[in-house]
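Q: Would you mind keeping the following structure in view while I ask a few things?
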Amino acid sequence: RCTFCIIPSMRGDLVSRPIGEVMVEAENLLKAGVRELLVVSQDTSAYGVDVRSRTGFWRGRPLKTRMTELATALAALAVEYGAWVRLHYVYPYPHVDDSVALMAAEGDAGLLPYLDVPFQHASPRILKLMKRPAAPEKLLDRVRAWRRARPALTIRSTFIVGFPGETEQEFDELLAFLAEAQLDRVGCFAYSPVVGAAANALPDPVAEEVKEERRARFMATQAAISAAKLAAKVGRTLDVLVDSVEARGRGKAKQTVALARSAADAPEIDGVVQIDDGVKLVPGQFARVTITGSDQHDLQARVIA
């Protein structure tokens with residue numbers, strides 16, 4: 001595989017792994033030929049909070065257990081090995097701005113201009129019930145600031161509709177937020193009870209058919225945003241990472257294509273770049289392509305000779 005996850009903290013109460021241990025794992029993966037590292041945890045932006053930013057060591061140098069220091073070290077390591085690093089589950093705390101400032105140009109080795117930020121909702125009341133920061137206007141300000149700093153930044157997020165007590169007006173607030181934020185990649189889930197969750201005791205559950213209807217409306221809104229954003233990439237030159245080379249179609253229509261991802265595409269959750277003339281490419285290879293087509297989720301491309 002050309003992509004692997006490194007996990008700096010675990011589920012449950014936040015428990016941060018020693019930063020030296022994380023860096024050693026990352027370096028060993030890159031030495032083994034991995035071309036992309038995904039940083040995944042329950043709350044990557046809170047890395048080190050539980051140990052009060054304790055100082056660790058890597059390559060004989062002191063390194064504080066904090067998100068910014070981890071991102072800085074991983075970015076430098078990725079440049080050294082010609083690889084990508086992608087940040088997931090980053091909550092929009094002010095210090096995330098420091099990591100955005102570290103991000104490389106789109107497709108270059110290092111820390112990718114990509115953030116996975118679980119906004120979850122846009123209604124202040126619903127966010128408070130979810131025990132999440134309840135200031136959507138500040139979130140929009142932060143999104144705008146990030147994009148000013150890194151215009152190529154891709155922002156992915158996930159949302160929940162049909163949370164207990166969610167009104168039609170509050171759902172409309174969510175749609176308005178989506179239209180204003182113009183997020184690049186978005187997932188949406190209809191709320192379902194989780195064993196032991198405090199939300200199970202909340203009054204006014206939303207009917208299943210209403211949840212599904214809201215989820216469908218949400219995804220239709222985002223589909224139009226995504227289609228427009230991807231269409232704007234047609235004609236551009238992008239660096240992509242090849243994941244596989246496979247046959248598509250049957251009979252005379254059979255074609256061997258390469259499936260790759262750009263800096264805007266995390267594996268399995270985002271889109272792909274289908275390279276129609278990619279028969280000579282191999283998994284784990286970076287390639288430069290011209291984007292020739294798009295739909296709501298994916299791009300088509302041809303290799304630049």
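Q: Yes or no: region 259-279 includes at least one residue that is assigned to a loop (DSSP other than H, G, I, E, B), under 27 Å from S157 (Cβ atoms) and among the polar types (S, T, N, Q).
A: Yes: region 259-279 contains one or more residues that are assigned to a loop (DSSP other than H, G, I, E, B), under 27 Å from S157 (Cβ atoms) and among the polar types (S, T, N, Q).
Q: Next question. Restricting attention to region 23-41, which residues are in contact with a strand residue (DSSP E or B) (Cβ under 6 Å, 6 or more places away or on another chain) and either at pLDDT below 95 or β-branched (V, I, T) (or both)?
A: If the condition is that a residue be in contact with a strand residue (DSSP E or B) (Cβ under 6 Å, 6 or more places away or on another chain) and either at pLDDT below 95 or β-branched (V, I, T) (or both), then V34, V39, V40, S41 are the ones that fit.
Q: Need pairs with beta-carbon distance below 9 Å; first residue more than 16 Å from G107 (Cα to Cα) and within region 276-305, second hydrophobic (A, V, I, L, M, F, W, C) and open to solvent by 70 Å² or more (accessible area, probe 1.4 Å); sequence gap 6+ or separate chains.
A: S294/A232
Q: Right, something else. Wholly within region 40-87, which strands (runs of 3 or more DSSP E) include no fewer than the required count, namely at least 2 residues that are farther than 21 Å from L29 by Cβ and within 20 Å of the chain's Cα centre (by Cα)?
A: none
Q: Sort through R142, R132 and tell me the only one that's more than 22 Å from L70 (Cβ to Cβ), touching a residue at least 12 places away in the same chain (Cβ under 8 Å) and among the charged types (D, E, K, R).
A: Step by step, each of R142, R132 is checked, and only R132 is more than 22 Å from L70 (Cβ to Cβ), touching a residue at least 12 places away in the same chain (Cβ under 8 Å) and among the charged types (D, E, K, R).
Q: Please state which of the following conditions Q255 fails to meet, knowing it meets all the rest: (1) out of contact with any Gly (no Cβ under 7 Å at 6 or more places or on another chain); (2) more than 27 Å from K128 (Cβ to Cβ); (3) of a type outside the set (A, V, I, L, M).
A: (1)
Q: So which residues in region 44-55 are crowded, with 20+ Cβ neighbours inside 10 Å and free of Cβ contacts under 8 Å to residues at least 40 places away in the same chain?
A: Y47, G48
Q: Further question: Is it the case that V90 is on the phi < 0 side of the Ramachandran plot, assigned to a loop (DSSP other than H, G, I, E, B), surrounded by 23 or more Cβ atoms within 10 Å (Cβ to Cβ) and of a type in the set (A, V, I, L, M)?
A: yes
Q: Quick check on A179: is it free of Cβ contacts under 8 Å to residues at least 12 places away in the same chain and open to solvent by less than 60 Å² (accessible area, probe 1.4 Å)?
A: So A179 fails the test.
Q: Need pairs with beta-carbon distance below 6 Å; first residue within 17 Å of V39 (Cβ to Cβ) and within region 93-111, second charged (D, E, K, R); sequence gap 6+ or separate chains.
A: Going by the 6 Å Cβ cut-off, the qualifying pairs are V100/R150; M103/R150.
Q: Right, something else. Please go through (1) aromatic (F, W, Y); (2) modelled with pLDDT of 95 or more; (3) open to solvent by 10 Å² or more (accessible area, probe 1.4 Å) for W84 and return the number of the only condition it doesn't satisfy.
A: (3)
Q: If you scan region 187-235, which residues turn out to be β-branched (V, I, T), open to solvent by less than 60 Å² (accessible area, probe 1.4 Å) and not in a helix (DSSP H, G or I)?
A: V206
Q: What's the total number of residues in region 244-264 that are under 20 Å from the mean Cα position of the chain (by Cα) and without any contact (Cβ under 8 Å) to a residue 60 or more places away in the chain?
A: 3
Q: A further question on this structure: Being touching a strand residue (DSSP E or B) at 6+ places or on another chain (Cβ under 8 Å) and over 23 Å from A83 (Cα atoms) is the filter; apply it to region 258-299 and report the residue that is surrounded by the most Cβ atoms within 10 Å (Cβ to Cβ).
A: S294
Q: Collect the residues in region 120-164 that are more than 19 Å from G271 (Cα to Cα) and in contact with a Lys or Arg (Cβ under 8 Å, 6 or more places away or on another chain), keeping them in residue-number order.
A: Matches in region 120-164: Q120, H121, A134, V161, G162.
Q: To continue, here is another question. Filter region 12-38 for residues that are touching a residue at least 24 places away in the same chain (Cβ under 8 Å), within 23 Å of the chain's Cα centre (by Cα) and in a helix (DSSP H, G or I) and give the result.
A: I19, V22, M23, A26, E27, L29, L30
The values are calculated or read from the model by the stated rules, or taken from the named source; none is laboratory data. Quick caveat: nothing in here was measured; it's all calculated off a predicted structure. Using ideal geometry, Cβ is built from the backbone for each residue, glycine included, and neighbour counts are taken over all protein chains shown. These area figures cover heavy atoms from the full protein model, side chains too; ligands, DNA and RNA do not enter into them. Shrake-Rupley method; radii C 1.70, N 1.55, O 1.52, S 1.80 Å.
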